[in-house]
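Have a look at the structure below before the remarks.
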There are 4 protein chains.
Amino acid sequence: MKAAIVNVTGYAGVELARLLHRHPEVQLTQVTGRSAVGQRLGDAFPHLADIDLVIEAEVSGSVDVVFSALPQIASAEAVIPLLERGIKVVDISADFRLKDASQYEQWYGVAHPRPSLLEEAVYGLTELNRGEIRGSALVANPGCYPTGAILALAPAIRAGIVLEDMVIDSKSGVSGAGRGLSLSSHFSEVNENVSAYSVEGHRHLPEIVQELRRLRRGFEPRLTFLPHLIPMTRGILSSCYVLLKDGAVASGAAGLKEVRALYRDFYRGEPFVRVVEESPMTKHTLGNNSCIVFPTVDLRTNRLVVISCLDNLVKGAAGQAIQNMNLMFGLPETAGLEQLALYP
Amino acid sequence: MKAAIVNVTGYAGVELARLLHRHPEVQLTQVTGRSAVGQRLGDAFPHLADIDLVIEAEVSGSVDVVFSALPQIASAEAVIPLLERGIKVVDISADFRLKDASQYEQWYGVAHPRPSLLEEAVYGLTELNRGEIRGSALVANPGCYPTGAILALAPAIRAGIVLEDMVIDSKSGVSGAGRGLSLSSHFSEVNENVSAYSVEGHRHLPEIVQELRRLRRGFEPRLTFLPHLIPMTRGILSSCYVLLKDGAVASGAAGLKEVRALYRDFYRGEPFVRVVEESPMTKHTLGNNSCIVFPTVDLRTNRLVVISCLDNLVKGAAGQAIQNMNLMFGLPETAGLEQLALYP
Amino acid sequence: MKAAIVNVTGYAGVELARLLHRHPEVQLTQVTGRSAVGQRLGDAFPHLADIDLVIEAEVSGSVDVVFSALPQIASAEAVIPLLERGIKVVDISADFRLKDASQYEQWYGVAHPRPSLLEEAVYGLTELNRGEIRGSALVANPGCYPTGAILALAPAIRAGIVLEDMVIDSKSGVSGAGRGLSLSSHFSEVNENVSAYSVEGHRHLPEIVQELRRLRRGFEPRLTFLPHLIPMTRGILSSCYVLLKDGAVASGAAGLKEVRALYRDFYRGEPFVRVVEESPMTKHTLGNNSCIVFPTVDLRTNRLVVISCLDNLVKGAAGQAIQNMNLMFGLPETAGLEQLALYP
Amino acid sequence: MKAAIVNVTGYAGVELARLLHRHPEVQLTQVTGRSAVGQRLGDAFPHLADIDLVIEAEVSGSVDVVFSALPQIASAEAVIPLLERGIKVVDISADFRLKDASQYEQWYGVAHPRPSLLEEAVYGLTELNRGEIRGSALVANPGCYPTGAILALAPAIRAGIVLEDMVIDSKSGVSGAGRGLSLSSHFSEVNENVSAYSVEGHRHLPEIVQELRRLRRGFEPRLTFLPHLIPMTRGILSSCYVLLKDGAVASGAAGLKEVRALYRDFYRGEPFVRVVEESPMTKHTLGNNSCIVFPTVDLRTNRLVVISCLDNLVKGAAGQAIQNMNLMFGLPETAGLEQLALYP
């Protein structure tokens, strides 16, 4: 199998290259970039010196699958002609995640270039949409925040044990902001600092709401989602707060046990979701495709608290993209993703 | 005026020394420490080389005020005889913060050595209890988390515009855990990492609840408080979430304006609380005694979101202690605390 | 006394503002900036909210002293007319540091706009040139690296105990690279990383050589200076290596004692240079104007090793600039610079 | 093939487990630990949850190779009986690195428990001692600093182009200090800080000198080696300074070209040493077994400057240990070590 990466020069792009290089069934045969065309990949990114490719301007020749790591809008434009040529696509941008074109326009400020594809595209949160992903030619890879947040809340919502008012408070490393320069990613500004951003509404909010709604008929989350930037490079930890419905689970320690069992059952057999009983840390996912989910109950307030964490560039981007590709091509879901986390 | 610091060898202790050294009206005349007795302060802590004191075993001679930076229990034991000698005390430990001795026993695991003092002690959140602090001989300096959390929520609770279900999600630098060694403060474990801790209930929770209840008759907060450790040394940022009562403020942007006005009015004239209209960052408080408070409304869910930040060792400990001392002795409240934040 | 800061919007500029705000004898009356003109200083830099000034386009009205924090070339151009109006200037840029105009052209790539001023300007390494600074109208504030490196080596060179082959290996925080955006200051690139830069020759090299040569007639240093970028915001630590002349000091421990005594004598009474007997750390200078100097001898190789450290934005820039201004105006040298280091 | 790790609970131990888990020819069948005996490996170290082993007290049963990650002295004691049972050993401690038992005693403060083994053991700097390692039953895995330093200097010394006076200035992340608690690894002390340590002589010095001497008959390095601690977790960058012999290479740019060619030739075909022409960074080796070597010449002083970097836990410990094991058992040298560096 041959794969290409469109826009390899961002952090998600190089992470795809790193992972695909070790994939047993796939050969990375082409990489494109908007800057750096004509440069050897290993010159632009010394850690990829073992990959013998030159950065090209466009995808050409025959490939089986293309990963697009372009920003929104640019990605849709690049990907549509490839789809028309019959190439399967995993799109890491936000261009095919929202099902409703008017929502897309509202949050991204431009009309969607091909609304009909919104229907066709499958939202690639692998654990929830495995079946659809298998048959899909276009997978919209989820955002980094939605991946962790949805995996944290899905079991409880599906089971109908929680109310609709909820808060997701996320803490992210800086690589999520990409390789583009900005004062908010400038070392001296970020180091020894923490702040909330996108307080008026982050673009991942409609994506989270859309997917949570699909989990249970009639469920209408009233969600406040607040992301924070913290001084580290990789990793997202999301703390999710939602009241349990009265009587939905037993009171006290017995209810906590029920909740844990519910989560363990929901994710039983999942290779990349680990339900744990102690407060998790992002470091345990560094460079690895897992999402760790820790459900607990604040017994004083009868509130479900679920903490999830993942590596935003792996399960939150490149890793999940490869997981989806594996499904699309009938490969073992874990192929190329076996690497353990780097600790410490 | 002569001041002594009991247990100067922790982070709060050395921060007190740093600040008192520049206080125009107070002379630091004595420092004690459990370890390092007999050492010159500047040998144990080179950044304090300009302070010409030897670390002693106990407070002796005449002093007007003592700051205790001992851990709980040890602090009460050290402070009681000083109070009996008529020395005013600002206690940085948790020993006199809770009014209810049974709560103290529940959260700290031992009976309180002198419950009668719990009545007498004044909770030293300066902005809320200024009058009582002025006349007090024993001020219980608030915890670092409670300071930021209570200042964030007080105006809304006092005004009666919010419901009782609330979440406080706090992110703290590591210095809050002190100078004692533990794996959870080990550099290679904390760096490039984030996690929640004390998920079953942090000791600052009862303190926050106690003070929030005092803000409005009949108000009974159902609070989930979750602290997180992030890879920086100083600073706490707390994001507070609570639904607005229906109709408590106008809907939409007008309501947001009302909320901001309410906060500005509440803290008008305060030298150390700054109400802002943009998402704040801890870096803007580094080494400085201010608490920045940013109230906003998530219009989609009618939820009040208040973000506050401060330096846990200054407004969250040593700085507020000096602010309280200034009041206790009739000095200008800002004396010794004029230093601007260190940026970047 | 009235002071103005030209280009307050860089890191050295805001640090000048922070320090001058607390200076007992000087009033900061004007700040200019290339960007942000018309903005209130406290809006652009929230930590300076207490300073009630608007950023202006140019220095106007009467001021006694101007600090220029512009980049090279722009600084000379801005400063020359001010000097002609009789205003004293402390220039933080590199424009007046090199005495030889051809060296300036070689290292900065343009002809110097007013070579005659190179003669007039005094190199403001306060401890070495105190007398000349007192009478000067134009002080060229030293670079951050040269300050620490020259203070580390001056006593040994003046005393004639070392050979001319020497290595200075410096480790710097990222704020030295300024507030301008670049990939090499991008958080995700700098964090968890270390690298050497300017390997072909850093612009501070000729400045260091020039000043070391002045310390002893005929001394011609053959210096390799290599700066490294490390993942922290403030601070420079320089490790300096130079062989002792045979017989210059006693052999063994006695020689080490001689060297220490020589250094202590050289800096006796200096308020901002501290000679120590244990390996120092940058953290002990954070936000403070001191330079810590630790001389030792590698007895196995008869090599003098001197380690110095300082805060690059204080003793390495804004603090030393104020120290120089104090001298130029007959104020106490320590005025406005009494703040202790922030630890931890 | 079956492998065991003795003392898996330190950072080198868990890194061995991470890497061996992905080794195509080796099965990790046993792990021991001094603490945590009886715990499941994945409970003690959640990132290793996929490895189904319980931590045992001692190596038992049949294994082909043992990696010892114990501290010195304890390691020798544990390893000697295993060798006697015919098990091959890669020892990560310092116990078999020095050939001279009196040196061992001088630097480690105790007599060596089995001096005869010092002869037998092969110093496992793979690139230099490949032949001997192949036939060895006991490989002394090099220290993290020596690996980078020796690889940086070996080509120049072997070629006879440098003098004997030399300086190695190293900057290390904190994981090199291990998982044991100490104030010098306490987050709030290390973060935003840099300092030199072991100024009187680091234990890796004799190891470096011993190996450099072996590179050329009669070569007697007079080496000053100074390690520095910087605020990151993994990575060592060493800057090595040594004067070129007069006339050893052409002057000017031609000489630089000669030096580069010499280095490229020396390491031609090496899978894990990369000679580069731009200043390297540790980040490009994160989690990967390569050592990047950048030789250059300071033309102003005729000084060879070589900068090398590596991941102290991989090429500086666990990775090189596996590289050595591969040689000892006739496996492909790169087996299990193909993972690319994690960037950013």
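The values are calculated or read from the model by the stated rules, or taken from the named source; none is laboratory data. All values reported here derive from a predicted model rather than from experimental measurement. Using ideal geometry, Cβ is built from the backbone for each residue, glycine included, and neighbour counts are taken over all protein chains shown. Ligands, DNA and RNA are excluded from the accessible area calculation, which covers all protein heavy atoms including side chains. Shrake-Rupley method; radii C 1.70, N 1.55, O 1.52, S 1.80 Å.
For D:Glu333, the conditions (1) within 13 Å of another protein chain (Cβ to nearest Cβ); (2) part of a loop (DSSP other than H, G, I, E, B); (3) touching a residue at least 12 places away in the same chain (Cβ under 8 Å) all hold with the exception of (1).
Scan region A:193-234 for residues that are among the basic types (Lys, Arg), under 14 Å from A:Ala149 (Cβ atoms) and either within 17 Å of the chain's Cα centre (by Cα) or at the interface with chain B (Cβ under 9 Å from one of its Cβ atoms) (or both) and jot them down. A:Arg203, the sole residue that qualifies.
Tell me whether region A:51-58 contains one or more residues that are crowded, with 18+ Cβ neighbours inside 10 Å and either within 21 Å of A:Ser136 (Cα to Cα) or of a type in the set (Gly, Ala, Ser) (or both). No, the conditions are met nowhere in region A:51-58. Residues of region A:113-128 that are in a loop (DSSP other than H, G, I, E, B) and either basic (Lys, Arg) or touching a His at 6+ places or on another chain (Cβ under 8 Å) (or both): A:Arg114 alone. Of the residues making up region C:105-123, those that are of a type in the set (Ser, Thr, Tyr) and open to solvent by less than 60 Å² (accessible area, probe 1.4 Å) are C:Tyr108, C:Tyr123. Looking at region C:129-245, the helices (runs of 4 or more DSSP H) lying wholly inside it that each contain 2 or more residues that are among the hydroxyl-bearing types (Ser, Thr, Tyr) sit at C:144-159. Only a single item in (1) within 30 Å of B:Val63 (Cα to Cα); (2) away from every other protein chain (no Cβ under 12 Å); (3) buried (at least 24 other Cβ atoms within 10 Å of the Cβ) is not met by B:Val314, and it is number (2). So which residues in region D:258-285 are basic (Lys, Arg) and in contact with a Cys (Cβ under 8 Å, 6 or more places away or on another chain), if there are any at all? Once the filter is applied, which keeps residues that are basic (Lys, Arg) and in contact with a Cys (Cβ under 8 Å, 6 or more places away or on another chain), region D:258-285 yields only D:Arg274. For beta carbons closer than 7 Å, sequence separation of 6+ or different chains, a first residue in region A:216-230 that is assigned by TED's automatic domain parsing to the domain that holds A:Val194 and a second that is of a type in the set (Asp, Glu) and assigned to a strand (DSSP E or B), the qualifying pairs are A:Phe219/A:Glu164; A:Glu220/A:Glu164; A:Pro221/A:Glu164; A:Arg222/A:Glu164; A:Arg222/A:Asp165; A:Thr224/B:Asp298; A:Leu226/A:Asp169. Reported count of residues in region B:302-325, each being within 28 Å of C:Glu15 (Cα to Cα) and either in a loop (DSSP other than H, G, I, E, B) or without any contact (Cβ under 8 Å) to a residue 60 or more places away in the chain (or both), is 3. Being closer than 22 Å to D:Gly10 by Cα and not small (Gly, Ala, Ser) is a condition met by no residue of region D:290-301. For region B:29-49, what are the residues that are within 11 Å of another protein chain (Cβ to nearest Cβ) and buried (at least 16 other Cβ atoms within 10 Å of the Cβ)? Matches in region B:29-49: B:Gly42, B:Phe45, B:Pro46, B:His47, B:Leu48, B:Ala49. Within the bounds of region D:278-301, is there any residue that is more than 14 Å from chain C (Cβ to nearest Cβ), more than 21 Å from D:Gly173 (Cα to Cα), of a type outside the set (Val, Ile, Thr) and touching a residue at least 60 places away in the same chain (Cβ under 8 Å)? Within region D:278-301, none of the residues are more than 14 Å from chain C (Cβ to nearest Cβ), more than 21 Å from D:Gly173 (Cα to Cα), of a type outside the set (Val, Ile, Thr) and touching a residue at least 60 places away in the same chain (Cβ under 8 Å).
Taking the criterion of being away from chain A (no Cβ under 14 Å), touching a Ser or Thr at 6+ places or on another chain (Cβ under 8 Å) and hydrophobic (A, V, I, L, M, F, W, C), the residues of region B:240-277 that qualify are B:Phe272, B:Val273. Inside region B:172-189, can you point out the residues that are crowded, with 19+ Cβ neighbours inside 10 Å, touching a His at 6+ places or on another chain (Cβ under 8 Å) and within 7 Å of another protein chain (Cβ to nearest Cβ)? Answer for region B:172-189, where residues must be crowded, with 19+ Cβ neighbours inside 10 Å, touching a His at 6+ places or on another chain (Cβ under 8 Å) and within 7 Å of another protein chain (Cβ to nearest Cβ): B:Ser185, B:His186, B:Phe187.
Residues being more than 25 Å from A:Ala94 (Cα to Cα) and open to solvent by 10 Å² or more (accessible area, probe 1.4 Å) are represented in region A:302-309 by at least one member. Listed by first and then second residue, the pairs linking a residue in region D:118-145 that is within 16 Å of D:Arg203 (Cβ to Cβ) to a residue that is acidic (Asp, Glu) and part of a helix (DSSP H, G or I), with Cβ atoms under 6 Å apart and 6 or more places separating them unless they lie on different chains, are D:Gly143/D:Glu207. The residue that is farthest from the other protein chains (Cβ to nearest Cβ), among those in region A:1-28 that are crowded, with 17+ Cβ neighbours inside 10 Å, of a type outside the set (A, V, I, L, M) and farther than 28 Å from D:Val275 by Cβ, is A:Asn7. A count restricted to region D:65-104 and to residues that are in a strand (DSSP E or B) and either surrounded by fewer than 22 Cβ atoms within 10 Å (Cβ to Cβ) or of a type outside the set (A, V, I, L, M, F, W, C) (or both) stands at 3. Across region B:156-171, the qualifying residues are those that are open to solvent by less than 30 Å² (accessible area, probe 1.4 Å) and touching a Phe, Trp or Tyr at 6+ places or on another chain (Cβ under 7 Å), and the one among them that is farthest from the other protein chains (Cβ to nearest Cβ) is B:Ile157.
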